[in-house]
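Take a look at the structure set out below.
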């Protein structure tokens with residue numbers, strides 16, 4: 001489908017990747033997952049991000065995942081692909097592959113390993129790739145949570161690039177939030193989405209266009225209600241819904257230490273009939289306590305999981 005800025009709003013999902021027990025991509029589960037996102041009212045999909053285990057997949061797995069999501073979406077949802085890497089030439093190669101595989105936009109996150117990471121070199125890594133990209137570009141900003149930090153000075157230059165049309169802000173940094181909200185007011189051709197799923201309300205109130213959540217595959221409907229309440233200035237309702245969503249996420253992810261993260265999320269999707277296994281490349285465990293919590297969420301919050 002053609003990338004439309006009006007599609008970048010409300011709730012987007014950073015989709016998890018389903019694997020077989022042997023660690024291969026589970027294509028039938030991809031199809032079920034895309035249909036489930038449509039049921040939840042999610043407006044767009046981000047493939048190969050952190051929640052999607054993109055940095056740990058092989059190139060062929062990532063490309064198959066993008067092609068499979070695009071085929072399952074059938075133009076009903078925009079599909080964006082993470083293309084991050086440790087050099088401009090590798091990022092550009094990933095961008096070209098994403099276009100060949102049918103992605104609507106390419107998303108760049110900070111590199112995981114970069115020598116001589118001066119502010120100027122970090123800036124140029126992004127800017128050179130953006131200018132060579134055959135697709136619209138999104139930026140995935142993780143602030144101080146990244147192995148390679150993107151300084152504000154470099155970030156400001158990056159966000160002025162005209163090919164940059166969207167941003168996922170997972171920095172949790174009020175200074176960055178204020179900057180992104182200000183640039184959004186100046187640039188009508190830019191959309192910004194909050195990636196801090198435990199704190200959606202403040203970002204919507206700051207003028208963000210929506211949220212892009214790792215848990216969107218199961219909390220997407222509840223996130224929609226939070227966004228709607230925040231936009232209506234119904235603070236008490238928005239806060240109650242956020243508290244409910246946080247309780248659900250902590251249960252699924254293994255408590256505040258997020259000790260079961262991907263295993264818990266995928267185990268819930270198995271229970272929902274979407275995934276066939278909870279296999280994850282990072283080997284997050286599924287403890288007995290986490291499994292009990294997932295089953296409890298299924299019993300108590302079924303109406304929010306399957307609206």
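All of the numbers you see were taken from the coordinates with simple rules; none came from a lab. This one's a predicted model, so the numbers in the text were calculated from it and none came from an experiment. We place every Cβ from the backbone using ideal geometry, glycine too, and count neighbours over all the protein chains shown.
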For 133, 260, order by how many other beta-carbon atoms lie within 10 Å, fewest first: 133, 260
Kirkwood hydrodynamic radius over Cα pairs of the stretch 59-210, then Stokes diffusion coefficient at 37 °C and 0.692 mPa s, in µm²/s: 208
Extension gain from residue 240 to residue 124, taking 0.36 nm per residue of separation minus the Cα-Cα distance: 37.5 nm
Pair residue 198, residue 132: separation of 7 Å Cα→Cβ label points (nm): 3.8
Average Cα contact separation per residue, the chain, under 8 Å, 6 or more apart, as relative contact order %: 20
Cα→Cβ-extended label distance, 7 Å offset, between residue 181 and residue 205, nm: 0.9
Mean residue ellipticity (222 nm) of the chain, computed from DSSP H runs ≥ 4 via -39,500 (n - 2.57), nearest 500: -14500 deg cm²/dmol
Reciprocal of mean inverse Cα separation for the stretch 10-65 (Kirkwood radius, Å): 11.7
Structure-derived volume of the Cα convex hull per residue in Å³: which label, when the choices are (i) 147; (ii) 127; (iii) 119: (iii)
Sites residue 283 and residue 76 - FRET efficiency at Förster radius 30 Å, r taken between beta-carbons, to 0.05: 0.35
Distance in nm between pseudo-label sites at residue 56 and residue 232 (7 Å out along the Cβ direction from Cα): 4.0
Virtual paramagnetic centre 7 Å along Cα→Cβ of residue 188, amide N under 20 Å, in the stretch 202-230: 207-210
Using alpha carbons only: equivalent-ellipsoid semi-axes of the stretch 7-122, gyration tensor based, whole Å: 25, 16, 12
Residues in the stretch 188-203 that a label on residue 4 would reach, taking backbone N under 17 Å of a point 7 Å out along Cα→Cβ: 189-191
